[in-house]
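Input: a single structure, listed below in structure tokens.
The values are calculated or read from the model by the stated rules, or taken from the named source; none is laboratory data. Please read all numbers here as calculations on a predicted model, not as lab measurements. Reconstructed Cβ throughout: ideal geometry from the backbone, glycine too, with neighbour counts over all protein chains shown.
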Amino acid sequence: MVFTPNIDAFQLQPHSVDLRLGYTFYVGKTWEMTQKGRTALAIDYLNNLGNKNFFEIVNLLPGQFFDVLPGEYVIATTLESLHIKNLELMGNLFPRSSFNRRGLTVDISGVIDSGYQGQLMIPIKNNTSYQSVRLFPGERICQVTFQELSSQLSPADAAITAHQRLQAQYSSTTFSWQEKQEEQKHIMSGKIDELKENYGL
């Protein structure tokens, strides 16, 4: 299993690996200008065959944050790109409960195929009707567990599913409250590289 950038000590859990929120967000468009006027944008992927861009892309800089508005639905990327090289493993993706407690739904319970390579797209919805929820790139947003397959996929089968697999061994690391505060300071100031350097594995 390859993570780019490498995971740090905060991300390594006894049974899973936490993934961090990236810098790119996709915000759904609600209207467009046509010859007839301002028209509500109906998301119809099948009829548009991918020719229409339904999202505005927001790329944040280090130290910037992203406010998810009440009722808003966005898609975010993970900071890490992952590559599951081991064809005897697959990944399972789950939200972190701390995001749910903030009023967000992170709809990502699903499978990461053996052979997968790339960043993950994370759908996020603010379920509150009156509060914006502020997100910072670098926050740990979801977790990946790994599962051994009963038989190895062939490289051809892995290519068909457009994915690959992971193998990692974990050690349990316990952090003090002060160390977790240090992690938060790094995230809010945009010093992700420094966080990785100070807490690298």
Inset, instruction - Identify the residue in the stretch 85-117 that is of a type in the set (D, E, K, R), more than 16 Å from Ser150 (Cα to Cα) and touching a strand residue (DSSP E or B) at 6+ places or on another chain (Cβ under 7 Å) and, among all such residues, is surrounded by the fewest Cβ atoms within 10 Å (Cβ to Cβ). - result: Asp107
Inset, instruction - Could you look through the stretch 32-71, keep only residues that are polar (S, T, N, Q), within 25 Å of Asn126 (Cβ to Cβ) and modelled with pLDDT of 90 or more, and pick out the one that is surrounded by the fewest Cβ atoms within 10 Å (Cβ to Cβ)? - result: Asn59
Legend entry - Residue match in the stretch 154-175 (condition: surrounded by 13 or more Cβ atoms within 10 Å (Cβ to Cβ), under 22 Å from Ser97 (Cβ atoms) and either at pLDDT 70 or above or not small (Gly, Ala, Ser) (or both)): yes
Legend entry - Hits in the stretch 84-118 (condition: in a loop (DSSP other than H, G, I, E, B) and farther than 24 Å from Asp67 by Cα): Ile84, Asn86, Leu87, Glu88, Asp113, Ser114, Gly115, Tyr116
Legend entry - Whichever residue in the stretch 72-81 is of a type outside the set (Ser, Thr, Tyr) and over 17 Å from Gln184 (Cα atoms) and, among such residues, is surrounded by the most Cβ atoms within 10 Å (Cβ to Cβ): Ala76
Inset, instruction - Would you be able to say whether some residue in the stretch 146-153 is within 21 Å of the chain's Cα centre (by Cα), outside any strand (DSSP E or B) and either modelled with pLDDT of 90 or more or of a type outside the set (A, V, I, L, M) (or both)? - result: no
